[in-house]
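A short write-up of the structure that comes next.
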Amino acid sequence: MNFLHLLSSEVVQHLTIHCLDVSVWQEGQGRPPSKKSLRFRAWNGQIYEAGGQFRPEVSVDDCKVQDGRWHQTRFTFRTQDPQQLPIVSIYNLPPTTPGKQYRLEVGSVCFL
């Protein structure tokens, strides 16, 4: 991993949360991210979070829709500091209960 970090000038990683009636980022349409929204710990210990110094790009945030169908929220982590990625931990994952579920799809890290 250190070799890839040394040779790279930019790093990108995608992470998708597939969700069924559970919000992971926003509580509703047009509202700011929830205090219970996900937090991500990077390789170097840095935390990506809503409203923090380091924030993921959120291209789709449909998990806030709670209509009994599966939706998804897509996060993109892009940085010029290769030491920050990959994402190694996710915090504040909501508890699963009957009728409220989620699945993680963690993409590979692209070192450029």
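The values are calculated or read from the model by the stated rules, or taken from the named source; none is laboratory data. Given the structure is predicted, the values throughout are model-derived calculations rather than measurements. Because the Cβ atoms are built from the backbone with ideal geometry, glycine has one as well, and the counts that use them run over all protein chains shown. To get the accessible areas, we keep the full protein, side chains included, count just its heavy atoms, and leave off ligands, DNA and RNA. Shrake-Rupley method; radii C 1.70, N 1.55, O 1.52, S 1.80 Å.
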Which of the residues spanning the stretch 72-95 are modelled with pLDDT under 95, in contact with a Leu (Cβ under 8 Å, 6 or more places away or on another chain) and open to solvent by less than 40 Å² (accessible area, probe 1.4 Å)?
-> 79, 82
Inside the stretch 48-71, the number of residues satisfying the requirement of being open to solvent by 80 Å² or more (accessible area, probe 1.4 Å) and acidic (Asp, Glu) is 1
What are the residues in the stretch 2-30 that are modelled with pLDDT of 80 or more, open to solvent by 10 Å² or more (accessible area, probe 1.4 Å) and outside any loop (DSSP other than H, G, I, E, B), if any?
-> 12, 14, 16, 18, 20
Strands (runs of 3 or more DSSP E) fully within the stretch 31-112 counting 2 or more residues that are touching a residue at least 40 places away in the same chain (Cβ under 8 Å) | 39-42, 70-79, 87-91, 101-111
Test for residue 45: is it at positive phi and either open to solvent by less than 20 Å² (accessible area, probe 1.4 Å) or at pLDDT 90 or above (or both) = yes
